[in-house]
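Inspection log for the structure reproduced underneath, given as structure tokens.
What follows draws every value from the coordinates through simple rules; no lab data is involved. From a predicted model like this one, the values you see are computed outputs, not experimental measurements. Quick reminder, even Gly has a Cβ in these numbers, built from the backbone with ideal geometry, and neighbours come from all protein chains shown.
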Amino acid sequence: MKRCTGTPAELCGLPYIEGTLPEHQVELFETHFFECPVCFAYLQDLQAMQAALSRFPAEKSDIPVRKRLSILPARTWALGAAAAILLFAAVFSFRALNLGPKRAPIAQSTPPSTSPVNPQEQANPASSASIRPSQLADLALPPFVAPNLRGAQEDAQFESGMKDYARSDCRDAVAALSKVPAQSEDSRAARFYCAACQMRLGNLTEAAAQMHTVAAGGDSPQQESALYYEAQIALANDDPAAAHQYLMQTIALQGDLEQKARDEDRKVHEFLGEQTPEAPEKPETVAR
Amino acid sequence: MGDDSNGEDWMLPDGTDGDQARMAAAVSQGDRDAERAFVERYLPRLRALLLARTRNADLASDLLQDVMIEAICALRRGQLREPSKLTAFVMGIARNLLNSHFRAATRQPDSLDLPDDLPDLSSAASKLEDEERESAAMHAIANLETIDRTILQMTLVDGLKPGVIAQKLMLKPEVVRQRKLRATRKIIDFVRGRSQTSAAIHLVTRQKE
């Protein structure tokens with residue numbers, strides 16, 4: 001039998017010590033970690049973190065937290081604004097000196113070695129940007145993260161669909177995942193992976209609609225990914241403005257895809273020029 | 001589940017039932033080494049369970065002693081009908097004691113007959129490991145962004161829900177959830193990295209000796 005890789009503890013450990021794991025899952029998880037050294041070690045690490053947090057000096061004072069975290073010193077703002085003005089002036093002067101009146105497309109500044117360029121476009125660089133937004137689109141299937149525990153009620157269609165998904169058999173995965181009932185616990189995950197398959201199959205309109213439903217459904221493990229893939233679909237449709245909006249929403253969630261979305265938004269921003277503001281830099285944290 | 005490997009993530013190592021049966025049988029026959037092995041195996045796990053269920057280290061520690069004493073006494077008396085279900089038996093005792101504790105207004109610590117020849121239930125080695133883990137976690141927490149640390153403290157120490165934390169910190173609940181997960185992962189990775197390094201150092205030292 002294969003050794004456990006720690007997935008159960010990664011999924012249930014934190015809610016378990018928070019006390020938010022449903023009772024039937026609590027019992028399953030306890031039964032598991034009593035026998036599984038990997039998950040037990042993970043749980044011990046989590047409990048050590050909890051103990052350390054309780055001993056760590058809390059960020060508590062009479063000032064409400066919302067006030068403290070939202071305020072940056074006025075001097076920081078002033079310095080930031082001055083730096084931005086200087087930077088803008090420097091860039092503007094540089095362009096005026098080097099490019100003259102004939103302004104090249106912004107995307108041409110990308111080194112040719114790093115961006116795939118259409119030979120026709122290369123022959124006539126002034127006709128359009130050297131790369132198109134669709135070339136930035138990341139339409140790879142997102143990895144599957146198992147949402148359920150052993151013994152928990154799992155939809156048979158979902159299980160079957162995800163087996164197809166794991167084999168990258170998108171057609172069969174779509175067929176199975178589409179049958180997962182809306183009231184099933186797996187329905188949102190099913191919709192997300194179904195959308196990913198549609199995206200992979202090139203059915204971008206259907207994929208975008210399903211991703212949108214998942215993202216609009218609110219807080220879920222798939223919400224951030226759904227927004228990110230909405231951006232990818234928008235890029236694939238050569239719509240950088242929409243991609244920018246979705247990337248901004250992804251960034252706003254500050255999750256695992258935040259950095260990836262920021263990097264991509266910088267590239268997308270080149271297609272948008274100065275009409276749209278770039279995603280703000282990561283907020284500076286307040287010194288204790 | 002996504003594929004077979006994901007399904008097997010929940011499966012237990014082979015031979016678990018046999019080990020349990022052997023251990024239970026040995027304890028019931030008065031084997032003191034088996035009792036020590038029993039304590040070594042179940043004490044840390046029960047501590048983790050009780051701590052998670054009570055969220056109170058002192059109470060968990062008190063209950064832990066009661067559970068261990070009751071389990072050892074029951075095993076000595078041969079009260080375990082299916083020796084291969086030792087883990088389920090021990091967990092059952094822990095849950096029963098927890099339920100009794102939460103049902104009763106006050107605990108009744110004198111309800112157990114204390115045998116004289118109990119194995120050491122303090123487990124100094126595991127205490128040292130816990131301290132090392134906690135110290136590594138402390139270090140990782142100190143390097144977190146203030147906002148992440150605040151979110152974790154509000155969640156795991158104050159027991160606040162993401163909605164409430166979001167309101168206090170002027171963030172969206174989704175942002176709180178994501179930051180909490182990311183910060184937790186950072187700490188766990190750090191603690192694990194530390195413990196692996198520490199294990200490697202122990203190994204090298206022992207090899208040199």
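The peptide list B:55-67, A:239-251, put in order of mean Cβ contacts within 10 Å with the highest first, becomes A:239-251, B:55-67. Along the Cα→Cβ direction, 7 angstrom out, place labels at A:Ser168 and B:Ala57. What is the inter-label distance in nm? Each label point is offset 7 Å from its Cα along the Cβ direction, giving 5.0 nm. Can you bin segment A:7-55 into rounded, prolate or oblate? Criterion: square roots of the alpha carbon gyration tensor eigenvalues sorted a ≥ b ≥ c, rounded for a/c under 1.5, prolate for a/b above b/c, oblate for the rest. It is oblate, given that a/c is not under 1.5 and a/b is not larger than b/c. Label zone (B:Val157, point 7 Å along Cα-to-C-beta; backbone nitrogen cut-off 17 Å) within segment B:48-78: B:55-58. What does the extension gain come out to for B:Lys127 and B:Arg76, with contour length at 0.36 nm per residue minus their alpha carbon separation? Here the answer is 15.7 nm. Legend: residue pairs B:Lys161/B:Lys186; A:Lys260/B:Lys172; A:Lys260/B:Lys186; A:Lys179/B:Lys180, Cα-Cα distance threshold 25 Å; pairs beyond threshold, A:Lys179/B:Lys180.
When you count, for each residue, the other Cβ atoms within 10 Å and take the mean per peptide, how do A:178-188, B:135-145 rank with the highest first?
Working: A:178-188: 15.7, B:135-145: 17.9.
Result, highest mean Cβ count within 10 Å first: B:135-145, A:178-188.
Shielding of peptide A:251-262 by partners, expressed as the average count of other chain Cβ atoms within 10 Å per residue Cβ, is 3. Between B:Ser84 and A:Gln245, the FRET efficiency estimated from the beta carbon spacing at R0 = 45 angstrom works out to 0.15.
Compare the peptides B:97-104, A:197-204 by average per-residue count of other Cβ atoms within 10 angstrom and give them in order, highest first. Each step should come with its number before you reach the end.
Values: B:97-104: 13.2, A:197-204: 19.4.
The packing order, highest mean first, is A:197-204, B:97-104.
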